[in-house]
Structures are given as C-alpha cells and as structure tokens.
Amino acid sequence: MMKTNPWAWIPTLYFAEGLPNIIVTALSVFMYMQMGLSDADVALYAGWLCLPWVLKPLWSPFIDILKTKRWWILTMQMLIGGALAGIAFTLPTAFWFQGTMFFFFSMAFASATHDIAADGYYMLMLDEHNQTKYVGLRNTFYRLAVVFVNAGLAKLADKLENYFNMSVVYTWTLVFYGLAGLFICIWLYHSRVMPRSDEDVATQKKASDIARELKSMFITFFSKFELKDTIFAMVFLLLYRFPEALLNTMTKTFLMRPSTEGGLGLTLGEYGFAQGFVGIIGLLLGGIIGGVLVSRDGMKKWLWPMVCAITLPDVVYIYLSYTLNSNIWLVSSCLFVEQFGYGLGFTVLTLYMLYYCKGKFQTSHYSICTGISYLGLMLPGMVSGYIKDIVGYQTFFIIVMACCLITFIVTAFLKIDPDFGKKK
C-alpha cells in the first residue's frame, strides 16, 4: 500500500521523461540553426542524437539487475541536469560544437535509460486498475513538457535575444543553465516524494541468465508469425513514418529560415505558438479521436482513413513553400491540420505495435518495436537536410508527398484481426 499519493509524483515524473527528449530532438535544432549550421548538418547531427532511443532495448533488461528503478530514475535525472549544465558551460567556448554534441548525446542516453526505469517504476508502484486510471495523467504531462519547450522556452529565447538584445550564444547559455537548475529541482523533489517499494529491488539473476532471456526474447519476437508476415511487419514498422522522417527536422528549419532562403521567417516565439501550442492541440485531439474510433469499430475499419490522415495533410507544406505566406494564423491553421492528421494516423502504428507484441515478453517486444520505428525516423531524417539543400524546400516537400506512397504500400501488406482494438 503506497503512502504517497500518485498525484505527487506521476505528473513530475512524466514531465521529466518528456523534457530531455524534446530538448534533444527539437531545442537542439533551434540552437544549432541560430549558431549557423546548415540544414544538412542540422539534420545529420540531430539524427545521430536519436541513436540511444533506437538502441535502448539492448540494455533495458540489465536495469533489472543493478539497483532499483527508483535509483535509476534519480541517477539519470542528476546526469540529465549535469548534461544541461555542460551544454551551457561549453557554448561560449571555442569547442562549443564538440562540447554540446557530447553533452546532448549524454543526455539522450540518460533520457532513454530514464524512460525504461520510469515506465518500470510506474508498473511496480501501481496495480493494474491504477495503471489504467493514471495513464491519461502521465500522457498529459509528457505532452506538457513538449509544450513547455516548443512554446515556453522558444518564446523565452526569442525575448532574451530580441527584447534584451542578447547575443545568440549568451541567450542559449542562459536557457540551458535555467534548464539545468529546473532538472536539479526535479531531482531534489523526487528524492523526497517518490515512494519506495519492497517490490522495487534488483533481481537476483546473473548476467548470463539475462543474456539467455535476451536471446529467447529476440527469437520469439521474430517468430510470432510466418516469415513472410514477419518481414512485412518489420518493413511496416520501419517505413510507415517515412514521410514524417523526412519532414521532422526540415519543417522546423523551413518555418524559421528567412524568405531569402525559401523559409517562412518565423521568430522562435511565433514558432512556439504555431507548432508548440496550436500544433500540439491538433495532435492531442487527433490521438483522442483516433482512440475513440478504434475502440468503437476496431482498427481494421479505420486503417485506411487513418493512413490518409497521417500522409495527405503534409500537402500544407507545399502550399506554404510556394506562397511563403507567414501570417501566423494561416500557418497555425495549416500546422493544426497537419498535426491533427498525424495524431489520428499515429494511432495505427501504436495499436499495431500492441497487436504484434501480444503474448510472452510483451513489454520487451514493444520496446523493440519502438526501437525499429525510431530507426525508421532516424535514418531518413539524417539525409533530409542534404536532399533539401540540393532541391530546395518546394521540390523537397513535393518529394515528401510522393514518398507517402511508401506508407500506403507497407500498410497494404498488413494482416490484422478485424476485431482488434474494438471494445468487448
């Protein structure tokens, strides 16, 4: 029986889980853009920073061997705070790029490990009923971390730079020192309020036992279905979000590059409002509606409408790249439509991973699925900047729309139970 109310630690734990992820994947892009890196370099290095989330299934079982989930959470939060301070410390130096990349990568590794420990701790501290009861709370605060970075911090950086006439380096130094202080406060708070549990103990298994379990886990993962269906499933996980992988970094640069470079020239504050606030509302609504529809009618009935939803709204970027209309309300409306469609269509990927992972090793298999999916985002994203630099934003977005065919093709080969997802 827990003595601490879950409301005391779930919101801050999942805010702390979302914060470093969005700092690495989005805030680093803004910073490197303003520090003078080209789109090709920004996309390449931002892609490399995603690697720890791709590989985290490989070390996740060993977190059960060493220490407790609570220990891992608190230790990773200290490391994340230290990495944020390291970024701030190295920004004004001559080796700022090498230093910040090292600390961003360290933060990504600590964040991926924190994800594993936090989800494990959540399942240990709550029974099945309460896990379901609080899932909305944890997801909400994870998304609030995204809003905090994309809307709040972007706006803050914009004000520091423009209203207080600060240099780019000094602006980002202050932002990252502030984030380091925030994370140290989160660590201190969790050190005091996160409850301990008799069940949260290191396992008595040896490394050799874990290695055997890992082997069994991977064998069962790739032998759930016939070889042909397994190959189709892996290709689907890898390529379903191929258009998004190309867009992920380039939409950020497009929205903020000046019109002389083919972009819309939004300020950080305007970007924060359009993408970090309005876009997130569209994403949440799309996800909620997608879940309701599948729960009512099953996943197979809504499969193709949702596939269209995740791909076709990408056409808004073709429109914006040709008109270069930077009216904040028009841009926000376009991003709302695109993010709403993404939220709706992402339901397909989430539910298919749950469908594929049914049975033994469900949690570990889901982690592998997310790793494969993340790899599908990482690899195309790394070259997206080079493609855009060669052809320009207008042709690049047309290429992205053509690549939506890939999403349709890999979906066409899926085999899904017609009743999967439907409420019994």
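The table below gives the values:
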read-out: Filter on K69/K215; K300/K358; K360/K415; K69/K252; K67/K215 - keep pairs with C-alpha separation over 25 Å; value: K69/K252
read-out: Per residue accessible area of the stretch 250-327, 1.4 Å probe, in Å²; value: 40 Å²
read-out: Value of [θ]222 nm, deg cm²/dmol, for the chain, DSSP H segments ≥ 4, -39500 (n - 2.57) each, nearest 500; value: -24500 deg cm²/dmol
read-out: Residue (of M166, G287, F104) at the positive-pole extreme of the chain, dipole from beta-carbon charges; value: G287
read-out: Dipole-positive endmost among L312, A157, P20 within the chain (Cβ charges, Cα centre); value: P20
read-out: Phi to ³J(HN,Hα) by Karplus 6.51 cos²θ - 1.76 cosθ + 1.60 over the stretch 160-169, Hz, x for Gly, Pro; value: 4, 6, 8, 7, 9, 6, 8, 6, 4, 4
read-out: Average accessible surface area per residue within the stretch 1-76, 1.4 Å rolling probe, Å²; value: 35 Å²
read-out: For the stretch 374-404 versus the stretch 129-197, the gap between their alpha-carbon centres in whole angstrom; value: 30 Å
read-out: Cα-centre dipole for the stretch 36-186 with unit charges at Cβ (Lys and Arg positive, Asp and Glu negative), debye to 20; value: 320 debye
read-out: Size of electric dipole in the chain: Cβ of Lys, Arg +1 and of Asp, Glu -1, about Cα centre, debye, nearest 20; value: 1000 debye
read-out: Heavy-atom accessible surface of the chain: percent carbon and sulfur, 1.4 Å; value: 67 percent
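The values are calculated or read from the model by the stated rules, or taken from the named source; none is laboratory data. Note that the structure is a prediction, hence the values are computed from the model and not measured. Virtual Cβ from ideal backbone geometry, glycine too; neighbours counted across all protein chains shown. Accessible surface is based on the protein model in full, side chains and every heavy atom, while ligands, DNA and RNA are left aside. Shrake-Rupley method; radii C 1.70, N 1.55, O 1.52, S 1.80 Å.
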